[in-house]
Amino acid sequence: MPELPEVETVVRGLREALPGRCIVSVRLGKTDFIDDPAALESDLPGNRITGVRRHGKFVVVELEARAGAAASACLLVHLGMTGQLTTGRADTPAAPHTHVFFALDDGQELRYTDIRRFGRMVLASEGLRERVLGPLGLDPVEAGERDFCERLRGRRARIKALLLDQRVFSGMGNIYTDESLWRARIHPKRIAASLKEAELARLYRAVGDILREAIRLRGSSVSDYVDAKGERGEYQMRHRVYQRNGRKCHRCGALIRRVIVAGRSSYFCPRCQPAPRGRKRVRRQRQLKIKKAPARMKKPA
């Protein structure tokens, strides 16, 4: 699934081609991922694109208010698992599973391709935009250390589940959560409240460094992801734990393992990222200590 670095890469590519362009027409194929396809076809033509930005995992295409419109709208696109937004000449053959064609006034076309159609596309007014984007959490690239740590401090959920929760941090996904936890030497099953201040600070730095590095390398192409020009990313060559089950850790040589956390496959190094001590394990260790303790001699009467 495209995560924050992939969506940011797509946005930066679209930002080179779309602002200032006018949408001439809209042609639709399958529409089960579109909120109100009729509105997309009737209301988008004639709109001028003023900007493109990222909000969490959403691509936000800002539109200039049309004459007579009460307020400007925007096009919100979530790429889901296999969605692609690319630009190119309108006369080039379309890739299979291309479902939306936005014809532009310069002869180019913005196309949305999605094999599995788990994405979402909606032409949103200001109110709807707030309902869709408002509940999303802190952007981990823009967050300061204090705000980042405050989101985690004292929470009783597992650290990986919190990093994946889009209401806590918007944009994080399985790849960069696993990579960040490995770099910070934190097991994905650790309870957030158990993390010391030094560990929280280390995780903050790891998340920021990895996301920025992945953006610089245009994301990870581990499945269908390509950027706005149809080119693959390079960060998959830098993965240290993600999908490396049974292979040696780059840091210590131990074999990478896989567990399920928050319903997702999670990859970690058992030596670099020690597992949390469960209650049963602690109780068993206490019992062993009691058995090994020497018996006290009774004082003579």
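Quick note: the coordinates plus some simple rules give every number you see, no bench work behind them. Keep in mind that this is a model prediction, so the values were computed, not measured. Reconstructed Cβ throughout: ideal geometry from the backbone, glycine too, with neighbour counts over all protein chains shown.
Using only the Cα atoms of region 145-238, build the gyration tensor, take square roots of its eigenvalues as a ≥ b ≥ c, and label the shape rounded, prolate or oblate: rounded if a/c is under 1.5, else prolate if a/b is larger than b/c, else oblate.
Working: a/c = 2.32, a/b = 2.13, b/c = 1.09.
Prolate, because a/c is 1.5 or more and a/b exceeds b/c.
Taking amide H as placed 1.01 Å from N in the peptide plane, the amide H of Leu63 sits under 5 Å from that of Thr50, Ala73, Leu75, each at least 5 places away or on another chain. Taking the average, over residues, of other Cβ atoms within 10 Å as the packing measure, peptides 162-175, 219-232, 31-44 rank 162-175, 219-232, 31-44 from highest down.
Beta carbons within 10 angstrom, averaged per residue: use that to sort the peptides 51-60, 234-243, 177-186, highest first.
Output ranking for 51-60, 234-243, 177-186: 177-186, 51-60, 234-243.
Projecting label points 7 angstrom from Cα along Cα→Cβ for Arg53 and Arg116 puts them 3.0 nm apart. Among Gly134, Ile186, Gln243, which residue has its Cα positioned farthest towards the positive end of the charge dipole of the chain, with +1 placed on the Cβ of Lys and Arg, -1 on the Cβ of Asp and Glu, and the dipole taken about the Cα centre? The residue sitting farthest along the positive end of the dipole is Ile186.
Fully extended, how many nm does the chain gain between Ser25 and Glu130 (0.36 nm per residue separation, minus their Cα-Cα distance)? Before the final figure, lay out the partial values.
Working: separation 105, 0.36 × 105 = 37.80 nm, distance 2.65 nm.
Extra length available between Ser25 and Glu130 comes to 35.2 nm.
Is region 4-133 rounded, prolate or oblate when judged by the Cα gyration tensor, a ≥ b ≥ c being the square roots of its eigenvalues, rounded requiring a/c under 1.5 and prolate requiring a/b larger than b/c? Note, shape of region 4-133 comes out rounded.
Between Glu41 and Arg247, what FRET efficiency follows from the Cβ-Cβ distance if R0 is 35 Å, with the result rounded to 0.05? Show your work: numbers first, answer last.
Numbers: r = 49 Å, r/R0 = 1.40.
Once rounded, the FRET efficiency stands at 0.10.
Farthest toward the positive end of the dipole of the chain, out of Gln166, Leu195, Val60, is the Cα of Leu195, where the dipole comes from beta carbon charges about the Cα centre. The ranking of Tyr204, Tyr267 from fewest to most other beta carbons within 10 Å of each one's beta carbon is Tyr204, Tyr267.
When the C-alpha to C-alpha distance is required to be over 23 Å, the pairs from Lys57/Lys196; Lys160/Lys196; Lys57/Lys229; Lys57/Lys248 that qualify are Lys57/Lys196; Lys57/Lys248. With the simple model of a label 7 Å out from the Cα in the direction of the Cβ, Ala254 to Leu217 spans 2.3 nm. For Arg264, no residue has an amide H sitting under 5 Å from its own, ignoring neighbours fewer than 5 places away on the same chain, with H placed 1.01 Å from N. Couplings 3J(HN,Hα) for region 216-228, derived from phi with the Karplus relation 6.51 cos²θ - 1.76 cosθ + 1.60 (θ = phi - 60°), are 4, 9, 6, x, 10, 9, 9, 9, 9, 5, 9, 7, 5 Hz, where x marks Gly and Pro. Matching the structure-derived Cα Rg over 2.2 N^0.38 Å against the labelled list [x] 1.18; [y] 1.69; [z] 1.26 gives the label [z].
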